[in-house]
Amino acid sequence: MPRPLVKICGMTRMQDVELCVELGADLLGFIFHPKSPRNVDPDFVASVKTGVTKVGVFVNQTAKEVLDIMERCGLHAAQLHGGQDSTFCWQVGADRVIRAFWPSTYASSAALARDLDDYSEACGHFLLDAGNTGQGGTGQTIDFGILQDIEIQTPWFLAGGLGPHNLKAALALNPPGLDINSGVEQAPGIKDENKLREVFDIIAANE
């Protein structure tokens, strides 16, 4: 089974950045949302120079604000959690957008599939998250059953309370990518080394 891309989100400390790079993370996520306990200063993100793809998580910013922060911080992609429309995605750059969706808010798998199809050309990736809306990192686990009946053509990340306790069930869905945050933390924004190592061991054993 091919290894999914692994994105560790909610990075706030350089020591956690360095550990995730050492363990083999493909992407690192940095949250730019003042209401989040994982909100980071752009200067910190700009100082991260690891060669790993850097992703900014945005909720309420305008497209110009997103683009300005991306340039200032050297971000490779923008993860949009504010329900932004396709025009917004095009303004940021479709190939650089990871657009978040919340499957539990849809009446059916078919309704979710239609919405994903509508955004397929405006986004490089999707992110399917637990809960209803917002910046993520809630610790809620997505209902894996919602995703079993749909075929998603756009590359996507599975998110929502992923950690050592449920990662094998998540991998059974064969997601192209995993977005991991609260499930590998000691506290919001503070990663747990043991949980991170366990997660990467589980992923390696699944290959």
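A short reminder: the numbers here are calculations on the coordinates, not readings from a lab. A quick note: this is a predicted structure, and the numbers were derived from the prediction, not measured. Here the Cβ is made from the backbone with ideal geometry for all residues, glycine too, and neighbour counts use every protein chain on show.
Within the range 19-51, which trypsin sites (Lys or Arg not before Pro) sit in a loop by DSSP and count at most 16 neighbouring Cβ atoms inside 10 Å? The qualifying sites are Lys35, Lys49.
Its residues counted as N, the range 5-206 yields a C-alpha radius of gyration over 2.2 N^0.38 Å of 0.95.
Out of the DSSP beta bridges found with both residues in the chain, what percent are antiparallel (nearest 5)? Percentage antiparallel, nearest 5: 5. Pairs of Lys residues in the range 5-206 that lie 8 or more places apart, or on two chains, and have C-alpha atoms under 21 angstrom apart add up to 13.
Note on the chain: dipole from Cβ charges, positive end direction compared against Val66, Ile152, Pro176; the farthest Cα belongs to Val66.
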